[in-house]
Amino acid sequence: MTVRVKKGDEVVVLAGKDIGKRGTITRVYPDNDKVIVTSTDLINVVKKHTKPRGATMQGGIIDKEMPIHVSNVALWCKDCGATRAGYRFDESGEKHRTCRKCGGDI
Ligand SMILES: [Zn+2]
């Protein structure tokens, strides 16, 4: 099952070394179903050592956020925690995404 997420969604990581961490999706790669999750917890960040290269590149350690497969993240509901998305239509026929557990909009 593909998790339908979009940029700006708050999610929680379900697998890997960053399990349980929460962050916001800042980039989506639809071609391979991967997302970049940005968090103060530095989700899935690898320390990358670089060597000085020429005059413009400084050596040192940079943080690089790695893509996570969408199946490894779940939408976050402020009331229920990790949840799945449902949908509802309001009186004017507009579609809203909702939490399947509590029914609130997410
Ligand atoms: Zn909920």
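Bear in mind that the values in this text are calculations on the coordinates, not laboratory data. What you see is a predicted model; the values in this text were computed from it and never measured. Note: ideal-geometry Cβ built from the backbone for every residue, glycine included; neighbour counts use all protein chains shown.
Residues with amide H under 5 Å of GLY104's amide H, sequence separation 5 or more or different chain, H placed in the peptide plane at 1.01 Å from N; which?
CYS99
Extending each Cα 7 Å along its Cβ direction at ASP33 and SER92, get the distance between those two points in nm, one decimal.
Computed distance between label sites ASP33 and SER92 equals 3.5 nm.
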